[in-house]
Structures are given as structure tokens and as C-alpha cells.
Amino acid sequence: RNDKHSPTNNNAFHKPNSKLATRQLSRNDKTMGTSSPPAQTTLLIGGSNGTATLCAILGDKSKPVNANHTLRVATRTSRRFLDGGRPRVWRCKEKKHLSDVISADFLPTRILTHVGSPDSVFVYGNDSSEKSNAFSDGNGSNSNDNTHTDLSQLEQAISGISSPDNGGIADIIVLACPVSAHLSLLRRIARALYNLDARGLLGSSNRPPILIGTLYGAGGFDWMSRIAFFSERPEGFTRWKRPLGLFGLKAFPYLCKSLVAGEVSLHGRFPQLQVAVAPSNAYTRRHAQVLLDRVLQNSTTGKSLEFLGLSSTEELGGDGTVGEESLVFQNQLGGGGFGYGGVDTANSARNAMMIAAQTHKQLKEAKEGSSSGAVAASMPPAMMSIAPPSNQLASAVPASPTLDMLLTQSLSDCADPSSALGFLTCTLNSTNQILHPCILVALFGEGGSNDSSNDDGTITWNPKIEGTPLPRFYADGAAKPLAGELITSIAGGEMYFVIDAVERLLSPRGYDPITALHGGEPVGRKLMNFLGNSPHELGERSGLTGMALRREWQSLFGRDKKEEAGMNDNGEEEECGVGNTAGLIHRESLVAKCMSYALSHNSRLNAVLSPCIVDESSKSNEDGTIHLKPNTTTRFFTDDTQHGLCIYLGLAELLGFDLERDMKDTLYVVRRLQHWMKKEFVLPAGKANGNRKIVSSARDVAETSAPQAFGIHSIQELRQFFRLDVFGEVHQARAEELLGRSGLVSRL
């Protein structure tokens, strides 16, 4: 680890450090068994309300769980996180609910107060991260002499060089920002990491991976990582000297709001913590769990991480690999071992992987009826029953066949090594991107028209009569019948058509990592399943999944003469009885009413105000009525339209859906919102004809996260895109370089 460095850093700020010596000693506890939490350095990037919330909770050093935890913030401006040149102290008032799953407004609540601040703040807004990267020495021969005064603010925050705290290299980099900021921040991070790696300032290859991720993995976070690290990759780069890991949470864990610097309100926490991690293997998952458990305060809240993707539990659509791993870690390492015993020690994780492999073999033999397996399954594995001390465990060399199995991954990890399907689960099952646009249209546009040139979403509001300065987004907006109807039609119909077909085409047979988490939250998912409205059932009833499969077959292997005879004038096969028709969703009106009622009476959400701009001239009205327009610069628009609904429309176009027929309500909502935003993410009604497609031909499609913005126009191209490394490594180039230097090739 890099200790505190002597060069003065005028742009990084820290609080008075009376416990510096204690923290210096704590950095050495990483490889020692200790009852206190291990040393961890967390870097938060972004000036969002989520960053403020974590500063208050994790920055409270009076709490034992925050001991040895260095907290850094890197932000574009200093206004919110600096106070008189020092890190600002944040006070968070948390509204604690009886249940995070059902937060009804009639249930009792209590208030908790958190007070804390980060250890240091870095302001990267005008730093030199935009300068050309110094990659002239591709071998990274420059030594880390701790006197690198030319590093940018973000590079200092990551490496710990010239940092005023004693945290050393960041263990985990967390983006707490709107989805629309992911790409720009990932590009900054990529530039910083490439420079630090070239100069040998990230640590050695036998160190655990530096984790980089987001508290909200919507909008194709792994897609953005591929683009960022590809676009910033220096010439000649093939691999990282120190490994990296990527993570993304399926849902933002906090519902929080800050109106005054230094104060933030936490209205509630999301009931589930589900995460996608790349690369997909036991070591990275365990490493991520240790670090994220600390960031998300799981030891205090009692919550636990659930991993997404093909390796997830069977309940989440995977094969149960993570369940076996979890059991082994709990039994062998006592819940601490890998965590409190050392984030920095890989041997414990490797040993646990050996035991996991041995356990898996025993269970498999028992299921297949092997006599030896039946006996073995009734007792713990040999290594588990011995339970040697951690220092002996770290040095133990396993014997075959345990070693053989250790060096092989599970089938699920091999099938999706970058957990592309896990991240796709985050992208396609996020609730905000469905709820927000539908409520916006119901609140500001009910009765309006997409084609009305004078429709700017203006509504009237009387604060004196209504009792609030602005409409409450959920309590007032979601209460409108149109909101429930649109949410049900899109989230319980059109979205399900897409995710069922996409999963069938991309996921190995027998897995359903995307559709297993349909609907976002568990209560709604159970209701839809009970009513026979699961994605599989709707995909079957609509015929759209079957149509997408046939279309993909034809694109790969061609059509026969009988199929060609049934094609229309546009060269498309005519499908009879296929598509989004009325009555597909069972009990649709009932579901819509339940949706409106649940959202408008949720105690976690009822304080959220609508994103509005007040017409100043209307404030002089004698009766107190004011005119409001939607604020199209807020994340309710910029995140959830182009990085939410546009993804569904883009995928539907890849699948060959008739968007005007099969995605009509999604199109209606996007067209309404883009009209207010003065954008064109999809073609206006009636403009698609011939070769002009609704998504691909839209003027501003490049501002979205639709696959077409990435140059992807078919399912095959999407598969190829997923094969790209999320951190810009060029595996084929490395293999070809070795081949080119081989003796055999040199003889040719």
C-alpha cells in the first residue's frame, strides 16, 4: 500500500487526522487474523445524494463497523463536499420502516441519525485528466517512488499517491451518480487507470482486483465500460498488470434527497441487494461481497448480497453455484476468514474454491446414486472437517482431484465469463426506468397529443389547496389512473415480450437469469406469476418469442421456398395471430389499480416531489394557482427515457417486432417525453417507411443506450459485442503475439 506521501497536494482536502498513527498500523492488519474490521479504502465518485448519504453513514468513525475504513470522494466541483477547505460533515436522517418490502404509510416508522464526513475530497473538474496519456513506456518501468507530482486529481484519488489520508490504493471505486453520467465518468476512470497501470502504480498482479462499479447498474453499465475502456485504450495495450473487477447493483439501495449542503434525508432502503460481477468466478464474487458488505452496511442492516447471472441461485434463474460457494465460505472460514482475515490474501479464497469443488463433486455423486458419494455427502469434506488455523490453511497445497477441479470453472461461469447476462438483468429489470416515464406522462400529459406543437406539459397547481408546494411525484402522479394503466401495459406486457425473447436467444438452455427477476420488486413479481402473467407466459400467448426464434433461425440459415412465398412487399414474413393484442394480460385493470394504489401509498416514496419548473409570472395569481412545466433536465428524463425505455425499443427492433403494434404504449410514452425534451430518440409516428426504422433511423439515437447506438443491428452482433472484455483487454492479440514469437512460426 502507498502510505501518506510528502508532496503537497493543494487540491485534495482532508479532515484533521488525530488518528493517523492508528490508521497507519491498521493497513498492516490486512493479512492478519483480527477481530476488528480489515482496512479498506472506498472511493466514491460523483456528487449525488447517494454520495452524501454514504458520507454520513460510512464517515461516522464513532461506529466500530467503520473502523479502518478510509472514505474518499472525487467530485467535479467542491461546492457540496467541501466546507471552508475541509471535507463537509453530513447529517443524514434516516426514516426506518417496519419493513422495506412493504412500506405502507399506515405502518409505524422511526428516525435514525447518522453524522459523518469523508477522509478526503478530490476535485477533478479542471484537473489534467484530459491531458494526453503518457504511455510511451509500455512496460511500465517507472517505479512507484511516491513522488509523482504530475498525477491528476482522479489518479491521486485512485492510487493514494499524494493523498492526504493514509488509505493507499483504493480497494473499490463506486460510482454514485445518474445513469446518464456513467459513460463520461468511466472514460475518466479508464484514462486514470491506463496511466497508473503503465507507470506501475496500481500494485502487483498477485493483489486482489480493484473493483469498479455503480450503485445502479441500469442503462447497460457493462456496455458503457466496454465503450469507455475501448475508446481510451492506448496503442499497444493488451493486458492489465493488476486485475480489475466490475460490479453493478440492480437497484439503487437508497431513496434519498438533499436540498441543503450538509443535510440529507434517507426516506428508505431498497428491500433487496442484488449485484452482477465480472469476471464471473468464485474469487471475484467473494472479494466483491466482502467490500460491498462494508459499503452497504450489511452487518448493521442484516441484509445480504445476492449475485446475478448464470451462477446465481436457482431462485434467481441460475444453477446454484453461488449457493455452494457461500456455504463453503461460511463453514470453512467462519464468516470472517476471507473478510476479516484479509481482503488482501488470495490463498484463503483459493482454498475455499478447492473445497467448493470438492463439495460439488460429493453432491453430484450423491445425486447420481454413487455409494461413495452418498457417504461423502453425509459428512463435510475432509479439508472442511480438519479446519486448520488460517496460516496453515493459506499454505496448504491441495491434492488431486481437488486441485484438478479448482483449476476448472463451473459451466455457468465458463458460459458467461463476463456475466453479460447478469448485467443485462440489471438493465432490463430496473423499476425506475418504467415507473418514472409513465408517471411523468400521467402527471403532465394526460389528454395531450404527441403531435401537438403547443403541448409543453404545462399543468396548474394550487399549493394552498393541495397542501404541498409542488405535486408529489408518487402520491399525486402515480395516483392517476393513467399511470397504473401505462405501467401495467409496459412493465407487465411489452417489456415481458422483449425480455423473454432476448433471454431465449442469449441464455443457455435451462437458465432464466433475466425473467426470474421480472417486475423489479418481489411483491409485484409474485402477483404477476399468480395471475399467469410471467414473461414466459406472455411471450407464449403473444407468439412474439416464437416469431423472434424463427426470425433468428432464418437470419442464420436462410428461408425455404414455402417461407419466401409468405413474405410481404418489404421482404418480411407475415405472421398470423402474432403480436400484442388486447386481453393478453390477465386481470389487467385489477393489476393497474393495485399498481396505482401501492405506489401512491408507499411511505418510502410519498415525500418525493415532482420535477417541475414554476412559471414565475403565474405566482401573482390571486387564487394562488401556479403553472408548472416538467423539468426535462432531471434524471427522471435523462436517465429513464434514453437509458431505459429506449433500450427496450432497440432490442424489440433487433428481435423483429412490429414496434407500432407490439410496443405501442412504450412508443407513446417515449414520443411524448422526447417532444418535451426537444429530442428524437425514436421516429415520430408515421415517419418510418421503407428502410427507415423507428429506432435505428432516429436523429438522436446516439444519445441513448439502445443497441443501435453501439452499432449493433442484430442479435448476432449483440452476442459478439458481449464477447469484448469489459476493461479493454485484447486476449486474441496477446495470444497472437505469443504465437508470432514461437519457434514454429519463426520457421515458416
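The values are calculated or read from the model by the stated rules, or taken from the named source; none is laboratory data. Keep in mind that this is a model prediction, so the values were computed, not measured. Note: ideal-geometry Cβ built from the backbone for every residue, glycine included; neighbour counts use all protein chains shown. Quick note on the areas: whole protein, heavy atoms, side chains included, nothing else; ligands and nucleic acids left out. Shrake-Rupley method; radii C 1.70, N 1.55, O 1.52, S 1.80 Å.
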- Query: Do we have any residue at all in region 76-86 that's on the phi > 0 side of the Ramachandran plot and either open to solvent by 40 Å² or more (accessible area, probe 1.4 Å) or not β-branched (Val, Ile, Thr) (or both)?
  - Reply: yes
- Message: Being open to solvent by less than 30 Å² (accessible area, probe 1.4 Å), in contact (Cβ under 8 Å) with a residue 12 or more places away in the chain, over 30 Å from residue 252 (Cβ atoms) and outside any helix (DSSP H, G or I) narrows it down to one residue among 532, 546; which is it?
- Response: 532
- Note on the structure: Condition set among the basic types (Lys, Arg) and more than 29 Å from the chain's Cα centre (by Cα), scope region 454-482, selection farthest from residue 606 (Cα to Cα): answer is 464
- Out of 255, 246, 266, which single residue is of a type outside the set (D, E, K, R) and farther than 21 Å from residue 81 by Cα? 246
- Could you check, for region 110-124, whether at least one of its residues is open to solvent by 40 Å² or more (accessible area, probe 1.4 Å), more than 28 Å from the chain's Cα centre (by Cα), among the hydrophobic types (A, V, I, L, M, F, W, C) and modelled with pLDDT under 95? yes
- Query: Restricting attention to region 663-678, does a residue exist that is of a type in the set (Lys, Arg), out of contact with any strand residue (DSSP E or B) (no Cβ under 6 Å at 6 or more places or on another chain) and open to solvent by less than 40 Å² (accessible area, probe 1.4 Å)?
  - Reply: yes
- Query: Given 330, 362, which one is assigned to a helix (DSSP H, G or I), modelled with pLDDT under 55 and farther than 22 Å from residue 513 by Cβ?
  - Reply: 362
- Note on the structure: When (1) touching a strand residue (DSSP E or B) at 6+ places or on another chain (Cβ under 8 Å); (2) farther than 16 Å from residue 728 by Cβ are applied to residue 220, the one that fails is (1)
- Task: Quick one: in region 42-75, of everything that is of a type in the set (Ser, Thr, Tyr) and in contact with a strand residue (DSSP E or B) (Cβ under 7 Å, 6 or more places away or on another chain), which residue is farthest from residue 171 (Cα to Cα)?
- Result: 53
- Note on the structure: Matching residues in region 281-324 (open to solvent by 10 Å² or more (accessible area, probe 1.4 Å), in contact (Cβ under 8 Å) with a residue 24 or more places away in the chain, among the hydroxyl-bearing types (Ser, Thr, Tyr) and more than 14 Å from residue 246 (Cα to Cα)) number 5
- Query: Which residue, of 278, 198, is surrounded by 19 or more Cβ atoms within 10 Å (Cβ to Cβ), touching a strand residue (DSSP E or B) at 6+ places or on another chain (Cβ under 7 Å) and among the aliphatic types (A, V, I, L, M)?
  - Reply: 278
- Query: Can we say residue 508 is open to solvent by less than 30 Å² (accessible area, probe 1.4 Å) and assigned to a loop (DSSP other than H, G, I, E, B)?
  - Reply: no
- Task: Assess whether residue 418 counts as being at pLDDT 95 or above and in a loop (DSSP other than H, G, I, E, B).
- Result: yes
- Just wondering, is there one or more residues in region 659-682 that are without any contact (Cβ under 8 Å) to a residue 24 or more places away in the chain and within 28 Å of residue 426 (Cβ to Cβ)? yes
- Note on the structure: Scanning region 578-614 for residues that are among the small types (Gly, Ala, Ser) and over 27 Å from residue 659 (Cα atoms) gives 598, 600, 603, 607, 610
- Query: Within region 205-213, can one find any residue that is open to solvent by 20 Å² or more (accessible area, probe 1.4 Å) and either outside any loop (DSSP other than H, G, I, E, B) or in contact (Cβ under 8 Å) with a residue 60 or more places away in the chain (or both)?
  - Reply: yes
- Task: Return the residue satisfying two criteria in turn: it lies in region 727-746 and is open to solvent by less than 50 Å² (accessible area, probe 1.4 Å) and either charged (D, E, K, R) or in contact (Cβ under 8 Å) with a residue 40 or more places away in the chain (or both), and of such residues it is farthest from residue 195 (Cα to Cα).
- Result: 733
- How many residues, within region 595-650, are open to solvent by less than 40 Å² (accessible area, probe 1.4 Å), assigned to a helix (DSSP H, G or I) and more than 27 Å from residue 694 (Cβ to Cβ)? 4
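Matching residues to (1) of a type outside the set (A, V, I, L, M); (2) under 27 Å from residue 634 (Cβ atoms); (3) in contact (Cβ under 8 Å) with a residue 40 or more places away in the chain:
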site	(1), (2), (3)
149	yes, no, yes
155	yes, no, yes
170	no, no, yes
176	no, yes, yes
186	no, yes, yes
192	no, no, yes
- Among the residues of region 155-184, write down those that are within 23 Å of residue 278 (Cα to Cα), touching an Asp or Glu at 6+ places or on another chain (Cβ under 8 Å) and not polar (S, T, N, Q). 178, 179
- Query: Of everything in region 235-267 that's in a loop (DSSP other than H, G, I, E, B) and open to solvent by less than 20 Å² (accessible area, probe 1.4 Å), which residue is nearest to residue 517 (Cα to Cα)?
  - Reply: 250
- Answer yes or no as to whether residue 451 is open to solvent by 40 Å² or more (accessible area, probe 1.4 Å) and at pLDDT 95 or above. no
- When region 464-494 is examined, which residues are found to be touching a Pro at 6+ places or on another chain (Cβ under 7 Å) and open to solvent by less than 10 Å² (accessible area, probe 1.4 Å)? 477
- Task: Determine, yes or no, whether residue 515 is touching an Asp or Glu at 6+ places or on another chain (Cβ under 7 Å) and either of a type in the set (Asp, Glu) or over 29 Å from residue 714 (Cβ atoms) (or both).
- Result: no
